[in-house]
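Q: I'd like to ask some things about the structure below.
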Amino acid sequence: MPKLFDVNFTLLGKSLDFRTRRNALLAGNIANLETPGYKSKDLVFERALGEAIKASQPGPLQVTHPQHMDGRRPIPLVRVQPQVIETASPDAALDQNTVNLETEMAKLAENQVMYQALTRMISSRFQQLKLAIREGDA
């Protein structure tokens, strides 16, 4: 029996959650533009999501029995967590603040575009489910 919400739907939801968290983090950077000693932060998660997706693919070893190991180290997609990093800035201010307003605004804009794309994809998936339900009632 096929699952109603497959790995792609889980991936979309997880990505949307991460984009929301990244938006808050970037907004925090901008809010601390003039805070002495503040280090600009970012949220990285694409690599972790990619590794989780790869883990769901067949491993490099041939499996002849369901209990055999196939050489993968599976990471359940629902357990993937983003990593908060300090962003490098070669032009830190005299007060050691590393926030660059133009860079942060560009990251924020890019993140918002990605967020909007994800919401459109999720909305489309729900529209497809809605259509399938309506067709089933006919």
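Here, each number is a calculation from the coordinates, and none is a lab measurement. Quick caveat: nothing in here was measured; it's all calculated off a predicted structure. Cβ coordinates were reconstructed from backbone atoms using ideal geometry, including for glycine residues, and neighbour counts include every protein chain displayed.
Q: Give me the distance in nm between label points sitting 7 Å out from Cα along the Cα-to-Cβ direction at Q116 and L131, one decimal.
A: It is 2.3 nm.
Q: What length, rounded to one decimal in nm, is gained on full extension from R79 through to A93, with 0.36 nm per residue of separation minus their alpha-carbon distance?
A: The R79-A93 span can extend by a further 1.3 nm.
Q: For D42, D91, what's the fewest-to-most ordering of other Cβ within 10 Å of each Cβ?
A: Listing D42, D91 from fewest to most nearby Cβ atoms yields D91, D42.
Q: Can I ask one more? Fewest Cβ neighbours within 10 Å first, please rank F18, F45 accordingly.
A: Fewest-to-most ranking of F18, F45: F45, F18.
Q: Relative to the present Cα-Cα distance, how much length would full extension add between M105 and E86 at 0.36 nm per residue of separation?
A: Length difference between fully extended and current span is 5.2 nm.
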